[in-house]
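Each remark here refers to the structure printed beneath this line.
Here, each number is a calculation from the coordinates, and none is a lab measurement. Just so you know, these numbers come straight off a predicted model, no measurement behind them. Here the Cβ positions follow ideal geometry from the backbone for every residue, glycine too, while neighbour counts run over all protein chains shown.
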Amino acid sequence: MISDNLHEIINGLPSGVKLVAVSKFHPFEAILSAYEAGQRCFAESRPQELEMKVKQATDAGKNDIEWHFIGHLQTNKLKMVLPYVSLVQSVDSIHLLDEINKWAKDNGRKVDILLEMHIAAEDTKQGFCEEEILDIMFAYSDGKYPGVRIRGLMGMATNTDDKKTVSADFERIDSYMAYLVDLFPELDSFNQLSIGMSGDYEEALRHGSTMVRIGTAIFGNR
Ligand SMILES: *Cc1c(COP(=O)(O)O)cnc(C)c1O
């Protein structure tokens, strides 16, 4: 089942688009099934659950898994997350950015992150507005955050069946991404646009997605 789902999704992705398998709330056995089918990149949204699964993976000898963090991250949980992940997709406040930068300096690391942009109509969803992202990018390009590498933007579209709304949300983040790439041509690792989940990734692919985060369509309902 999981391997069929995976292969169907992978076959529909253009080359160069990365599949991030969102394994949150699913047991480690589900991760193993996807792993056996060839998947190596997984994302979790809760620090404790991430820690537990990293340990299970290590115990199972699956040391080549690439973990991403996609949930709201509290700064008192950084040490449960940052040692294990290759990308924090959900940086949604200056405070979090400052603390990740500090952790990285203290630990001799550079942490890859995405800035989460608020594009949905719901205000329950986290993220920066355009102006905040622009301020961060100017500070970053001035060398203010040496502990992080900002790889791009992440966004979640409005949770609706209305394709026009979803498409407009994705269009907004896609064009903002293009604007930033233009504005900061020297930042050549700023090139990732993480948009698209189970219900809307095909739409996201039409709007420049380089990374889709898919859970339900691989692992079933949570
Ligand atoms: C849970 C989650 C996903 C995956 O959602 P599905 O609809 O199950 O594919 C993607 N991105 C984020 C940020 C999530 O929290």
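Quickly run through segment 45-72 and pick out the residues that are more than 19 Å from G215 (Cα to Cα) and either charged (D, E, K, R) or in contact with a helix residue (DSSP H, G or I) (Cβ under 6 Å, 6 or more places away or on another chain) (or both). Step through it out loud before you land on a result.
So the first thing to find is which residues in segment 45-72 are more than 19 Å from G215 (Cα to Cα), and the list is 55-56, 58-64.
Matches in segment 45-72: K55, Q56, D59, K62, D64.
Could you list, in sequence order, the residues of segment 204-222 that are surrounded by 17 or more Cβ atoms within 10 Å (Cβ to Cβ) and in a helix (DSSP H, G or I)?
First, pick out the residues of segment 204-222 that are surrounded by 17 or more Cβ atoms within 10 Å (Cβ to Cβ): 204-205, 207, 209-215, 217-219.
Across segment 204-222, the qualifying residues are A204, L205, A217, I218, F219.
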Open item on the list: So in segment 203-221, with the set limited to residues that are among the charged types (D, E, K, R) and out of contact with any strand residue (DSSP E or B) (no Cβ under 9 Å at 6 or more places or on another chain), which one is nearest to the ligand (Cβ to nearest atom)?
Closed with: E203
- [ ] Sort through D135, D106, D112 and tell me the only one that's over 19 Å from the mean Cα position of the chain (by Cα) and closer than 27 Å to G196 by Cβ.
- [x] D135
Task: Residues of segment 136-180 satisfying the condition of being assigned to a helix (DSSP H, G or I), touching an Asp or Glu at 6+ places or on another chain (Cβ under 8 Å) and either more than 13 Å from S209 (Cβ to Cβ) or of a type outside the set (A, V, I, L, M) (or both) - done: S141, K163, S167, F170, Y176
- [ ] Please state which of the following conditions I31 fails to meet, knowing it meets all the rest: (1) buried (at least 20 other Cβ atoms within 10 Å of the Cβ); (2) under 23 Å from A204 (Cβ atoms).
- [x] (2)
- [ ] Residue by residue through segment 97-130, note down the ones that are surrounded by 20 or more Cβ atoms within 10 Å (Cβ to Cβ) and away from the ligand (no atom under 15 Å from the Cβ).
- [x] L97, I100, A104, V111
Open item on the list: Pairs needed: first member in segment 143-165, of a type in the set (K, R); second member anywhere, surrounded by fewer than 16 Cβ atoms within 10 Å (Cβ to Cβ); C-beta distance under 9 Å; at least 6 residues apart or different chains.
Closed with: K144/F138; R149/K110; R149/S189; R151/S189; R151/N191
